[in-house]
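The values are calculated or read from the model by the stated rules, or taken from the named source; none is laboratory data. None of these values were measured; they are calculated from a predicted model. Cβ atoms come from the backbone with ideal geometry, glycine included; neighbour counts cover every protein chain shown.
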Ligand SMILES: C[S@@+](CC[C@H](N)C(=O)[O-])C[C@H]1O[C@@H](n2cnc3c(N)ncnc32)[C@H](O)[C@@H]1O
């Protein structure tokens, strides 16, 4: 594995999910009414459904905002989010609430299908330089779209990929910043084979000891941007493949139905939709053809 060492900046410490900063301080209580107000706000803006069991999680993830803004209650915090005309408070709220668990090579069957079946089929059909568009919708900190990029590079060795793009979006600005940096603790790349780690990552030295960085040829295939999946999709061209895995699990059936139909609209004919292994399109009204569990075709 090649090495990298650049700049003087240290890695910023990533806060543990769900942990309140300043351990030892007393956490303010959250009433049912306050929880309902906040969960309603999150639902309206991000489609994320927070059942009553999530009350403690909401309290622990939002307490830091009450402290930093010296607010006495969650109601005051709710009012502050509503009053903020910049929209920044809402972005911070959604950043704190969304769950971003992800991994390289997560749910391997999808990547095996992509590399061994789908890409060879797409390749047979294309006579010129491939002009494919992929989308990782709800990409979190980048492991999913970077895995797609590695599968592409591996399957298409020595082919011209200049007209191939993997678009990768998320609602959470913090994970998007991490994704854009493309720097991960060494332990994160363990699911990848030693050969792929060598081929597609540089190992950090000095202050970056214990970290790896995705190589430029992987990074340049991926373009990150913020998109709330509840909003209008801004795309002018259709996609060949959409991955939306472990995202719809946080949405209610009606929201899932709308989203799946929006995905259908922005896929090319015969385009593919991949969803998470714990998700299903059963009980959803849609026009996709079933290919394999969690894989669908337009
Ligand atoms: C559990 S992660 C899944 C990451 C990746 N797809 C995977 O399977 O490993 C779910 C992601 O969906 C994002 N998300 C949740 N609601 C969203 C919304 N309304 N619009 C866009 N992204 C959303 C979250 O911020 C989070 O990063």
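Restricting attention to the stretch 101-114, the residues being in a helix (DSSP H, G or I) and closer than 18 Å to residue 139 by Cα number 5. Against the conditions (1) touching a helix residue (DSSP H, G or I) at 6+ places or on another chain (Cβ under 6 Å); (2) in a helix (DSSP H, G or I), residue 175 satisfies every one except (1).
For the stretch 115-172, a residue qualifies if it is assigned to a helix (DSSP H, G or I) and under 10 Å from the mean Cα position of the chain (by Cα), and the qualifying residues are 143, 144, 145. Does any residue in the stretch 108-120 that is over 18 Å from residue 166 (Cβ atoms) come within less than 6 Å, Cβ to Cβ, of a residue that is buried (at least 17 other Cβ atoms within 10 Å of the Cβ) six or more places away or on a different chain, and which pairs are these? Going by the 6 Å Cβ cut-off, there are no qualifying pairs. Within the option set 120, 108, being closer than 28 Å to residue 245 by Cβ and within 14 Å of the ligand (Cβ to nearest atom) holds for one residue only, 108. Check the stretch 205-228 and report whether any residue there is in contact with a strand residue (DSSP E or B) (Cβ under 9 Å, 6 or more places away or on another chain), surrounded by 15 or more Cβ atoms within 10 Å (Cβ to Cβ), at pLDDT below 95 and farther than 18 Å from residue 145 by Cα. Looking for residues that are in contact with a strand residue (DSSP E or B) (Cβ under 9 Å, 6 or more places away or on another chain), surrounded by 15 or more Cβ atoms within 10 Å (Cβ to Cβ), at pLDDT below 95 and farther than 18 Å from residue 145 by Cα, one finds at least one in the stretch 205-228, hence yes. The condition of being assigned by TED's automatic domain parsing to the domain that holds residue 275, under 30 Å from residue 34 (Cα atoms) and within 15 Å of the ligand (Cβ to nearest atom) does not hold for residue 147. Based on what the data block shows, is residue 270 away from the ligand (no atom under 15 Å from the Cβ), free of Cβ contacts under 8 Å to residues at least 60 places away in the same chain and under 20 Å from residue 110 (Cβ atoms)? Considered against the rule, which asks whether it is away from the ligand (no atom under 15 Å from the Cβ), free of Cβ contacts under 8 Å to residues at least 60 places away in the same chain and under 20 Å from residue 110 (Cβ atoms), residue 270 comes out as yes. Exactly one residue among 94, 38, 88, 82 is within 16 Å of the ligand (Cβ to nearest atom), at pLDDT 95 or above and more than 25 Å from residue 184 (Cβ to Cβ), and that residue is 38. The condition of being touching a strand residue (DSSP E or B) at 6+ places or on another chain (Cβ under 8 Å), within 16 Å of the ligand (Cβ to nearest atom), modelled with pLDDT of 95 or more and closer than 28 Å to residue 177 by Cα holds for only one of 295, 275, 249, that being 275. Looking across 262, 292, one residue alone is closer than 22 Å to residue 121 by Cβ and surrounded by fewer than 19 Cβ atoms within 10 Å (Cβ to Cβ). It is 292. If you go through the stretch 229-240 one residue at a time, do you hit one that is touching a residue at least 60 places away in the same chain (Cβ under 8 Å), within 15 Å of the ligand (Cβ to nearest atom) and surrounded by 21 or more Cβ atoms within 10 Å (Cβ to Cβ)? The answer is yes, given that some residue of the stretch 229-240 is touching a residue at least 60 places away in the same chain (Cβ under 8 Å), within 15 Å of the ligand (Cβ to nearest atom) and surrounded by 21 or more Cβ atoms within 10 Å (Cβ to Cβ). Checking 170, 95 one by one, the residue that is crowded, with 21+ Cβ neighbours inside 10 Å and closer than 30 Å to residue 209 by Cβ is 170 and no other. Can you confirm whether the stretch 86-100 contains a residue that is farther than 18 Å from residue 65 by Cβ and either part of a helix (DSSP H, G or I) or over 20 Å from the mean Cα position of the chain (by Cα) (or both)? Within the stretch 86-100 (the criterion being farther than 18 Å from residue 65 by Cβ and either part of a helix (DSSP H, G or I) or over 20 Å from the mean Cα position of the chain (by Cα) (or both)), the answer is no, since none of the residues qualifies. Condition first: away from the ligand (no atom under 14 Å from the Cβ) and either under 16 Å from residue 219 (Cα atoms) or surrounded by 17 or more Cβ atoms within 10 Å (Cβ to Cβ) (or both). Now tell me which residues in the stretch 158-167 satisfy that. Scanning the stretch 158-167 gives 160, 161, 162, 163, 164, 165.
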